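The values are calculated or read from the model by the stated rules, or taken from the named source; none is laboratory data. Bear in mind the structure is a predicted one, so any value in this text is a computation, not a measurement. Backbone-built Cβ (ideal geometry, glycine too); neighbour counts: all protein chains shown.
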Amino acid sequence: MMMLVWIILFVGIMALIKMASPSSYGWSINNRGNANRNALDILNERYARGDIGNEEFEERKHILKHSD
């Protein structure tokens, strides 16, 4: 019976560690398949969601394309 308690405790602690890890919040780029995203991709997504307007989108796109 005591062994079962230790196993449950161990599994519970491991589950808490997994839930608290940065990758569970989407902070880890490599784990989410976003490693190939660049600034222009992110800008396009923000524009598509409506986070930024047309004028800001065009201005930032111009800056990004000419900053190479």
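The residue pairs whose first member lies in segment 52-68 and is under 14 Å from ILE42 (Cα atoms), whose second member is charged (D, E, K, R), and whose beta carbons are closer than 8 Å, counting only pairs six or more residues apart or on different chains, are ILE52/ARG46; ILE52/ARG60; PHE57/ARG46. Using the structure shown, decide if SER67 is part of a helix (DSSP H, G or I), among the small types (Gly, Ala, Ser) and at pLDDT below 85. For SER67, the condition - part of a helix (DSSP H, G or I), among the small types (Gly, Ala, Ser) and at pLDDT below 85 - is not met.
Just one residue in the set ILE13, ILE8, ILE17 is at pLDDT below 90 and part of a helix (DSSP H, G or I); that residue is ILE17. In segment 32-54, the qualifying residues are those that are over 17 Å from LYS65 (Cα atoms) and in contact with a helix residue (DSSP H, G or I) (Cβ under 7 Å, 6 or more places away or on another chain), and the one that is modelled with the lowest pLDDT is ALA35.
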